[in-house]
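The values are calculated or read from the model by the stated rules, or taken from the named source; none is laboratory data. Source: prediction; values computed, not measured. When we count neighbours, we look across all protein chains shown, and the Cβ atoms used for this are built from the backbone with ideal geometry, even at glycine.
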Amino acid sequence: MARTEHVFRWDLDKTYLRTEFDTVRDLVKTAFETASDKQAVPGAPALLRALRGDGENHRICIISGSPKQMRRVLDAKLKLDGVEYDEFVLKDNLSNLLRGRFRAMRSQVPYKLPALLESRASLDDQPAETLFGDDAEADAVVYSLYADLVSGAVELDELPRILAAARAYPDQIERAMQLCRRIERANSVDRILIHLDRRSPTARFSRFGRRLVPIYNYFQAASVLHRDGLLTAAQVLFVVEEMLADPSHTPSTLANSLQDLVMRGRVSQADARTFTDELREIAETTAATSEPGTASALATTLDARLNDLGDAPPLEWPDEAPRLDYVALVDADHDRRRSEKRSAW
């Protein structure tokens with residue numbers, strides 16, 4: 001068996017799928033959708049296919065809060081999109097309901113953290129990881145906590161207090177503790193990407209440091225991964241072409257997205273220029289057999305947006321990871337979500 005070099009962990013709702021569940025009507029509609037009814041976020045299927053590559057060294061793991069009863073339709077949707085995966089974990093909300101564990105049905109941290117730890121513990125290798133989530137639930141908190149537990153930045157004896165604040169049941173706390181003891185400590189989580197489905201202000205995520213990057217679309221995600229050396233320019237272009245099939249995206253809006261990343265200090269001007277140079281090479285290579293098309297047009301538009309920045313300095317991010325108060329973070333996230341749901345319902 002080939003050695004796993006990198007694990008890509010994805011959420012589904014609002015990360016991969018355009019899902020609404022803020023009202024009773026939304027929940028009912030989502031429950032009765034077929035695979036063909038469900039809509040992926042533009043660029044997400046292409047990005048997952050690119051990350052999968054030949055399937056030898058990259059592992060795709062999906063951990064979602066959707067109920068297990070939706071597995072058949074969700075699996076069918078992924079197949080329709082040509083997405084392959086190695087692991088697919090869904091929430092057992094029927095069991096929670098029958099046992100009267102209503103907090104477990106709602107809370108994300110006590111569910112996702114043990115699921116992430118169990119997946120990590122099952123690996124023989126110690127691969128690097130990139131995590132994809134959204135701003136609708138507590139993904140930024142649970143992913144950062146997971147990363148800090150794996151690296152040893154958060155000590156094991158701190159975990160019960162954090163999970164208690166996250167409204168975990170005692171058996172969930174004990175399971176997380178047991179799984180943590182099985183994991184070899186390593187600084188493995190390279191990047192956390194949070195899809196801003198709710199258009200949350202990027203400043204809300206500054207406290208998490210440079211490891212976590214909020215993104216508005218999957219061209220931004222692909223650009224960050226290109227900068228990280230995980231995607232080639234051709235693979236990013238593959239994502240771009242899928243996005244341009246959606247009327248909400250144009251070369252101009254995508255160029256604005258890259259400019260935004262540079263201004264936020266998430267991609268350097270030098271890295272962005274390297275990408276545009278690679279796009280031009282692709283355009284020149286394909287010009288002999290076909291129209292340069294997307295690569296040439298995007299490179300030109302990107303250059304214009306980067307030139308608009310002039311010598312303006314980007315935001316700077318300290319190299320040292322911040323020390324996060326996870327008890328305060330899970331409390332704040334719980335209060336925010338409760339307030340949002342009261343307003344929606």
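Scanning region 312-335 for residues that are charged (D, E, K, R) and modelled with pLDDT of 90 or more, which turns out surrounded by the fewest Cβ atoms within 10 Å (Cβ to Cβ)? Step by step, filter region 312-335, then rank; the result is ARG323.
Let's see how each residue does on (1) assigned to a helix (DSSP H, G or I); (2) crowded, with 21+ Cβ neighbours inside 10 Å; (3) modelled with pLDDT of 95 or more:
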{"site": "ARG9", "(1), (2), (3)": "no, yes, yes"}
{"site": "THR15", "(1), (2), (3)": "no, yes, yes"}
{"site": "PHE21", "(1), (2), (3)": "no, no, no"}
{"site": "ARG25", "(1), (2), (3)": "yes, no, no"}
{"site": "LYS29", "(1), (2), (3)": "yes, no, no"}
{"site": "GLU33", "(1), (2), (3)": "no, no, no"}
{"site": "ASP37", "(1), (2), (3)": "no, no, no"}
{"site": "ALA46", "(1), (2), (3)": "yes, yes, yes"}
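With respect to the stated conditions, PRO110 fails to be without any contact (Cβ under 8 Å) to a residue 40 or more places away in the chain, farther than 20 Å from THR4 by Cβ and of a type outside the set (S, T, N, Q). The residues of region 204-218 that are more than 26 Å from ALA245 (Cβ to Cβ) and not in a helix (DSSP H, G or I), listed by number, are GLY209, ARG210, ARG211, LEU212. Any residue at all in region 182-197 that is at pLDDT below 95 and under 11 Å from ASP135 (Cβ atoms)? Taking every residue of region 182-197 in turn, at least one turns out to be at pLDDT below 95 and under 11 Å from ASP135 (Cβ atoms). Every test in (1) more than 30 Å from GLU56 (Cα to Cα); (2) touching a Phe, Trp or Tyr at 6+ places or on another chain (Cβ under 7 Å); (3) aromatic (Phe, Trp, Tyr) is passed by PHE132 save one, and that test is (1).
Would you call ALA138 modelled with pLDDT under 95 and either hydrophobic (A, V, I, L, M, F, W, C) or touching an Asp or Glu at 6+ places or on another chain (Cβ under 6 Å) (or both)? Taking the combined requirement at face value, the residue satisfies it. Within region 93-106, can one find any residue that is in contact with a strand residue (DSSP E or B) (Cβ under 9 Å, 6 or more places away or on another chain) and modelled with pLDDT of 85 or more? Scanning region 93-106 turns up no residue that is in contact with a strand residue (DSSP E or B) (Cβ under 9 Å, 6 or more places away or on another chain) and modelled with pLDDT of 85 or more. Evaluate the following for ARG227: is it surrounded by fewer than 18 Cβ atoms within 10 Å (Cβ to Cβ) and either modelled with pLDDT of 95 or more or out of contact with any Phe, Trp or Tyr (no Cβ under 8 Å at 6 or more places or on another chain) (or both)? The answer is no for ARG227. Taking the criterion of being without any contact (Cβ under 8 Å) to a residue 60 or more places away in the chain and of a type in the set (Asp, Glu), the residues of region 290-319 that qualify are GLU291, ASP303, ASP308, ASP311, GLU316. Exactly one residue out of ALA147, ALA76, ALA153, ALA168 is within 17 Å of PHE8 (Cα to Cα) and not aromatic (Phe, Trp, Tyr): that is ALA147. Selection of region 30-80 for residues being within 17 Å of GLY133 (Cβ to Cβ), out of contact with any helix residue (DSSP H, G or I) (no Cβ under 7 Å at 6 or more places or on another chain) and of a type in the set (S, T, N, Q) yields only SER64.
When LEU254, LEU309, LEU298, LEU258 are checked against the criterion of being buried (at least 21 other Cβ atoms within 10 Å of the Cβ) and modelled with pLDDT under 95, LEU298 stands alone in meeting it.
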